[in-house]
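*Asks:* The following block contains the structure, expressed as structure tokens.
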Amino acid sequence: MSLSRREWAMLKAIAAGRGEITGSSEPDLFIDSLACCDQHAAHHLARAGLVHATRAAEMGQRVPAELTAAGHALLRDLETAA
């Protein structure tokens, strides 16, 4: 899977515990409480199964985001290749 530098940075921020995600079929992502400037990238990460909410969320409610096992593996692979 190919990721943009922005998506890679988003994964790293989520791995560091700095991300929140909204409850939605197309979730929005926040880093350090600020909305990500590229919600298309955020949606791509969620649809690809790389990030998800740590718990169930109501529509629009922000909850902590975390990497899935696939997200951790991809981030590890990207860091190794860099």
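The values are calculated or read from the model by the stated rules, or taken from the named source; none is laboratory data. These figures come from a predicted structure and were not determined experimentally. Please note: Cβ atoms are built from the backbone with ideal geometry, for glycine as well, and neighbour counts cover all protein chains shown. Note: areas computed on protein heavy atoms with side chains; ligands, DNA, RNA excluded. Shrake-Rupley method; radii C 1.70, N 1.55, O 1.52, S 1.80 Å.
*Asks:* Tally Lys/Arg at +1 and Asp/Glu at -1 over every other residue whose Cβ is under 13 Å from the Cβ of residue 55; what's the total? Working shown, then result.
*Replies:* On the way: positive: 62; negative: 20, 58, 66.
After counting each charged neighbour, the total is -2.
*Asks:* Once Lys and Arg get +1 and Asp and Glu get -1 on their Cβ, which of 78, 39, 49 lies farthest toward the positive end of the dipole of the chain?
*Replies:* 78
*Asks:* Sticking with this structure for a sec: Let me know the charge dipole size of the chain about its Cα centre in debye, to the nearest 20, where only the beta-carbon of Lys, Arg (+1) and Asp, Glu (-1) is charged.
*Replies:* Using Cβ point charges on Lys, Arg, Asp and Glu, the chain gives about 120 debye.
*Asks:* Heavy-atom accessible area per residue, the chain, 1.4 Å probe: how many Å²?
*Replies:* Working: 4800 Å² over 82 residues.
Accessible area per residue, the chain: 59 Å².
*Asks:* Antiparallel versus total DSSP beta bridges in the chain: what percent is that, nearest 5? Intermediate results must be reported in sequence, preceding the final value.
*Replies:* Numbers: 11 of 12 bridges.
That works out to approximately 90 percent antiparallel.
*Asks:* If I take every Cα pair under 8 Å that is 6 or more residues apart in the chain, average their sequence separation and divide by the length, what percent do I get for the relative contact order?
*Replies:* Computed value for the chain: 31 percent relative contact order.
*Asks:* If you plug each phi of the range 63-72 into the Karplus form 6.51 cos²θ - 1.76 cosθ + 1.60 with θ = phi - 60°, what whole-Hz ³J(HN,Hα) values come out, in order, with x for Gly and Pro?
*Replies:* 9, x, 9, 9, 6, 7, 4, 5, x, 4
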